[in-house]
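Comments concern the structure below.
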Ligand code: SF4
Ligand code: SF4
């Protein structure tokens with residue numbers, strides 16, 4: 001299956017690790033892992049991969065806000081798995097646009113010479129919840145995001161890239177070639193506007209970790225104040241069951257016709273009963289970068305918003321009884 005994507009350009013651009021955007025609904029670019037497979041192959045299962053991810057989040061010095069207190073950016077993650085032959089990935093492609101990658105396409109961007117069937121691949125997805133301190137800091141705010149939140153968005157985002165790479169590196173070195181495909185330019189989807197070649201939130205949805213809310217954020221067992229990451233690997237891991245059939249099952253607005261707190265919390269009016277306006281959200285996010293740079297002394301790539309993720313019923317849990 002061909003994509004309209006130029007691999008050389010992809011590797012060149014992603015190697016620069018440029019952040020394109022930071023919407024609740026979009027995925028930032030980061031570095032892509034490309035490592036030759038090395039024998040010997042060791043036995044690896046879901047428990048082992050889950051421990052690998054949890055241990056790294058718990059112990060890595062890179063999981064940090066890089067403030068003077070050296071606070072953590074992320075609490076203990078959730079981990080889920082999806083099969084590379086899950087038809088949901090073709091559904092995503094058909095629904096979002098032809099530029100959207102299936103797992104095989106993402107894998108073959110880095111390993112064009114390894115001929116894999118979809119069933120040979122697994123998608124490893126993780127959800128990283130913000131700490132209570134970070135959420136509490138933003139919850140108090142109404143229009144300008146808190147410093148901890150912006151630091152979590154920026155340095156926490158860098159950590160996700162590092163974690164994605166760590167997982168892919170370890171698996172590859174263990175004999176299971178793996179890639180971290182998030183790291184792609186944004187495209188325009190006819191149906192959804194701004195979109196990426198690979199969506200961490202969609203991978204997490206496929207891996208049974210959550211459903212989408214009115215503001216497009218993913219509502220998970222640890223709430224919506226989260227970010228996700230994923231790796232596609234040539235390994236067979238049993239998929240995590242999806243305890244939902246409706247992609248909005250965990251949102252009070254869609255499930256019960258109530259709530260709408262994310263509409264009230266959004267300073268840009270980018271959320272309404274019709275859903276999430278990605279362009280208005282992007283403009284709001286971009287507008288915070290000058291504040292982050294001038295007032296907080298952070299790099300020019302830093303920005304943040306996330307009001308729709310805090311001070312709402314789905315902040316730290318699934319608000320719908322299931
Ligand atoms: S705040 Fe309410 S309406 Fe918005 S995503 Fe969460 S549950 Fe849904
Ligand atoms: S609060 Fe509004 S502008 Fe901010 S991230 Fe959420 S949807 Fe975007």
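Got at least one residue in region 229-251 being closer than 30 Å to residue 155 by Cβ and within 14 Å of ligand 1 (Cβ to nearest atom)?
Yes, region 229-251 contains at least one residue that is closer than 30 Å to residue 155 by Cβ and within 14 Å of ligand 1 (Cβ to nearest atom).
Of the residues 125, 146, only one is crowded, with 17+ Cβ neighbours inside 10 Å, at pLDDT 95 or above and under 17 Å from residue 229 (Cα atoms); which?
Numbers: 146 fails: under 17 Å from residue 229 (Cα atoms).
On inspection, the qualifying residue turns out to be 125.
Within region 243-252, is there a residue that is within 13 Å of ligand 2 (Cβ to nearest atom) and at pLDDT 95 or above?
no
Per-residue answers, yes or no, for (1) farther than 20 Å from residue 155 by Cβ; (2) at pLDDT below 95; (3) touching a helix residue (DSSP H, G or I) at 6+ places or on another chain (Cβ under 6 Å); (4) surrounded by 13 or more Cβ atoms within 10 Å (Cβ to Cβ):
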site: 17; (1), (2), (3), (4): no, yes, no, yes
site: 26; (1), (2), (3), (4): no, yes, no, yes
site: 35; (1), (2), (3), (4): yes, yes, yes, yes
site: 79; (1), (2), (3), (4): yes, no, yes, yes
site: 83; (1), (2), (3), (4): yes, no, no, yes
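Across region 281-297, which residue is nearest to residue 191 (Cα to Cα) among those that are buried (at least 21 other Cβ atoms within 10 Å of the Cβ) and more than 15 Å from ligand 1 (Cβ to nearest atom)?
Only one residue tops the list, namely 282.
Would it be correct to say that residue 278 is surrounded by fewer than 22 Cβ atoms within 10 Å (Cβ to Cβ), within 9 Å of ligand 2 (Cβ to nearest atom) and at positive phi?
In short, no.
At pLDDT below 95, within 16 Å of ligand 1 (Cβ to nearest atom) and either within 18 Å of residue 210 (Cα to Cα) or buried (at least 20 other Cβ atoms within 10 Å of the Cβ) (or both) - does that describe any residue in region 257-266?
No, there is no match, as no residue in region 257-266 is at pLDDT below 95, within 16 Å of ligand 1 (Cβ to nearest atom) and either within 18 Å of residue 210 (Cα to Cα) or buried (at least 20 other Cβ atoms within 10 Å of the Cβ) (or both).
Could you tell me how many of the residues in region 197-239 are at positive phi and within 16 Å of ligand 2 (Cβ to nearest atom)?
2
The values are calculated or read from the model by the stated rules, or taken from the named source; none is laboratory data. Because the structure is a prediction, the values reported are computed rather than measured. Heads up, the Cβs are rebuilt from the backbone with ideal geometry, glycines too, and the neighbour counts pull from every protein chain shown.
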